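Notes for the one structure printed next.
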Amino acid sequence: MALIVHKYGGTSMGSTERIKNVAKRVAKWHDAGHQIVVVPSAMSGETNRIIGLAKEIMAQPDPRELDMIASTGEQVSVGLLAMALQAIGKQAVSYAGWQVAIKTDSSYTKARIASIDDAKVKADLDAGKIVIITGFQGVDEQGNITTLGRGGSDTSAVAVAAALKAQECLIYTDVDGVYTTDPRVVSDARRLNTVTFEEMLEMASLGSKVLQIRSVEFAGNYRMPTRVLSSLTDPLMPLEEEAKSGTLISFEEDTHMEQATITGIAFNRDEAKITVLGVPDRPGIAYQILGPVADANIEVDMIIQNQSVEGKTDFTFTVPRGEYQKAMEVLEGSVKAHIGATSIVGDSKVSKVSVVGVGMRSHVGIASQMFRTLSEEGINIQMISTSEIKISVLIDEKYMELAVRALHKAFGLENS
Ligand code: ADP
Ligand code: ASP
Ligand code: MG
């Protein structure tokens, strides 16, 4: 008997029919003698619908109030799933994040989990119940409801699994594992049986939304075995077969059987580029530009500073597209005049494409192959950033899919 956490995403919970299938699958695992905690997302489209309502009222809704409503989709899901389990004769109980409690900081819309109380959940499991906990939401010290950022149910699930010292966290979704790139963009992308934790971390941080990055961080910090698998198979398929399906995030680099140089291609449409022109080239300038941006809680990603000409330089960086306006306001508001910059220009129609693989450590020439492939397609590279196991480029968003397909082919990642 083991304690196992199941997470079901929006599509998997997308209709009452699908929820009944989730119940059948969960009941199968429980019947096999396991203790099961389920962390579902809101039904697909629901979180977008709710946030859309808020934006009809005001363009920049108060983040506390936004979290108050954005978190409700998950509350509907847990209740429906508990009912679906009860309807097939299982004891099940659902909890909102604050009832567990899943404590977070107060950064509304992107809160971080600080602690999870396992007492109530353990008592229910020991009493033979299946426990269902809302994904995506938590509660801060003052009792305010918070959410963990879009896609945050993955993080809820892995964090709950870590807090309960579960044997495994199974992330059920609408694809049957982690692929060399998004199979919706490249139809002959290949499913990976294993992906190293480091590669998954890079892919998630570079935009592969199959797992939210913080869930991968939790998996790494607690060495929680985490598997991505399909919720769209027959819910009554043999459990042994299901348990081995999908993609396992591995922590041992040498167990990485599919040792190719490049493991995958990630992309992110959610990028915007800002350039501060004519900045005096003196110590402290990067801090004077980026300090106020960080103070506004805006994450900066790629950064380049040009060679200075006659004591002046240009400073370019990227921010999430949703924070672009806010970042521009911060810079126009106080920074520009303070540092004596000539002007600030921006482009919110850029995308980042990255090649990822631990094999890069032992292979040379990956960057040149990447740049050659892009040049053959006539795609201009605007910015470049690298780490030991990834190379990212910023390009015009209209070439993003072309770049992903060309790189996927150039690095031989397609299904043979
Ligand atoms: P869920 O609602 O289950 O959380 P998401 O939509 O958040 O599902 O994540 C699953 C989606 O991630 C897939 O449908 C797929 O389009 C996308 N995706 C992006 N990159 C990858 C990848 N490398 N492998 C698999 N899926 C990917
Ligand atoms: N429902 C939330 C979202 O749409 C969380 C999740 O699905 O993981 O972002
Ligand atoms: Mg998701």
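The values are calculated or read from the model by the stated rules, or taken from the named source; none is laboratory data. The model shown is predicted, which means the values in this text are computed figures rather than measured ones. Every residue, glycine among them, receives a Cβ derived from its backbone with ideal geometry; neighbour counts consider all protein chains shown.
Structure summary
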item: Residue satisfying all of: in the range 171-188; among the hydroxyl-bearing types (S, T, Y) and under 22 Å from A406 (Cβ atoms); farthest from ligand 2 (Cβ to nearest atom) among these; result: S187
item: Count of residues meeting criterion [surrounded by 17 or more Cβ atoms within 10 Å (Cβ to Cβ), touching a residue at least 24 places away in the same chain (Cβ under 8 Å) and among the β-branched types (V, I, T)] in the range 211-245; result: 3
item: Number of the condition not met by L85 [criteria: (1) in contact (Cβ under 8 Å) with a residue 60 or more places away in the chain; (2) surrounded by fewer than 14 Cβ atoms within 10 Å (Cβ to Cβ)]; result: (2)
item: Matching residues, the range 13-53, being polar (S, T, N, Q), closer than 22 Å to G73 by Cα, surrounded by fewer than 24 Cβ atoms within 10 Å (Cβ to Cβ) and in contact (Cβ under 8 Å) with a residue 60 or more places away in the chain; result: T16, N21
item: Flag for T233 being more than 16 Å from ligand 3 (Cβ to nearest atom), in contact with a helix residue (DSSP H, G or I) (Cβ under 9 Å, 6 or more places away or on another chain) and part of a strand (DSSP E or B); result: no
item: Verdict on V158 being within 25 Å of Q75 (Cβ to Cβ) and either of a type outside the set (K, R) or within 11 Å of ligand 1 (Cβ to nearest atom) (or both); result: yes
item: Test set (1) within 14 Å of the chain's Cα centre (by Cα); (2) away from ligand 1 (no atom under 15 Å from the Cβ); (3) small (G, A, S) - S208 fails condition number; result: (2)
item: Subset tally (residues that are within 16 Å of ligand 1 (Cβ to nearest atom) and of a type outside the set (G, A, S)) for the range 1-24; result: 10
item: Pair list, Cβ < 7 Å and 6+ apart or interchain, from the range 167-183 residues that are in contact (Cβ under 8 Å) with a residue 24 or more places away in the chain and farther than 15 Å from G207 by Cβ to residues that are among the aromatic types (F, W, Y) and assigned to a strand (DSSP E or B); result: Y172/Y8
item: Where E299 falls short, out of the listed (1) surrounded by 15 or more Cβ atoms within 10 Å (Cβ to Cβ); (2) more than 24 Å from T196 (Cβ to Cβ); result: (1)
item: Boolean, D176 is modelled with pLDDT under 95 and over 20 Å from S392 (Cβ atoms); result: no
item: Residue match in the range 267-283 (condition: crowded, with 17+ Cβ neighbours inside 10 Å and assigned to a helix (DSSP H, G or I)); result: no
item: Of all residues in the range 211-225 being in a helix (DSSP H, G or I) and within 10 Å of the chain's Cα centre (by Cα), the one that is nearest to ligand 2 (Cβ to nearest atom); result: S215
item: For V160: the one exception among (1) within 19 Å of V228 (Cα to Cα); (2) aliphatic (A, V, I, L, M); (3) more than 20 Å from the chain's Cα centre (by Cα); result: (3)
item: Residue that is surrounded by the most Cβ atoms within 10 Å (Cβ to Cβ), among those in the range 175-210 that are within 13 Å of ligand 3 (Cβ to nearest atom) and of a type outside the set (D, E, K, R); result: V178
item: Hey, V228 in a strand (DSSP E or B), over 27 Å from D396 (Cβ atoms) and within 16 Å of ligand 3 (Cβ to nearest atom) or not; result: yes
item: Subset of the range 24-68 [more than 16 Å from ligand 2 (Cβ to nearest atom) and small (G, A, S)]; result: A27, A32, G33, A59
item: Test for K103: is it surrounded by 16 or more Cβ atoms within 10 Å (Cβ to Cβ), more than 16 Å from ligand 1 (Cβ to nearest atom) and closer than 18 Å to I4 by Cβ; result: no
